[in-house]
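Note sheet for the following structure.
The values are calculated or read from the model by the stated rules, or taken from the named source; none is laboratory data. Keep in mind that what you see is a predicted model, and the values were worked out from it rather than measured. Glycine gets a Cβ as well: all are built from the backbone with ideal geometry, and neighbour counts include every protein chain shown. With ligands, DNA and RNA removed, areas are computed over all heavy atoms of the protein, side chains included. Shrake-Rupley method; radii C 1.70, N 1.55, O 1.52, S 1.80 Å.
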Amino acid sequence: MASCIPFADEEPFAERVKTLADDELLEIWEETQQIENMICAELHADFSLAPDYEKTIVEELSLRSSRRINARPEAK
């Protein structure tokens, strides 16, 4: 049975996202959404193509945002 994995190497996507820049993560998410929308429109169906990827990307971006907020020096 085939698997749809966006990277050729064996590194899990959850680990791979940690090394990608924010804009790269957003680009992956955007492309996934575009493909999903095209397929759903063509098949007249509603489904999620890669919900685990989307969740992983959102979690990583949220973590990074929290780190940036916590790293800011407090204003006095």
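Output the residue which, of all residues in region 42-54 that are of a type outside the set (Asp, Glu) and over 12 Å from Leu25 (Cβ atoms), is most open to solvent (accessible area, probe 1.4 Å). Restricting to residues being of a type outside the set (Asp, Glu) and over 12 Å from Leu25 (Cβ atoms), the top hit is His44. Does region 50-70 hold any residues that are under 12 Å from the mean Cα position of the chain (by Cα) and either of a type outside the set (Lys, Arg) or at positive phi (or both), and which are they? Those that are under 12 Å from the mean Cα position of the chain (by Cα) and either of a type outside the set (Lys, Arg) or at positive phi (or both): Ala50, Pro51, Asp52, Tyr53, Glu54, Thr56, Ile57, Val58, Glu59, Glu60, Leu61, Ser62.
Residues in region 11-41 that are among the polar types (S, T, N, Q) and more than 9 Å from the chain's Cα centre (by Cα) were compared, and the one that is surrounded by the most Cβ atoms within 10 Å (Cβ to Cβ) is Gln33.
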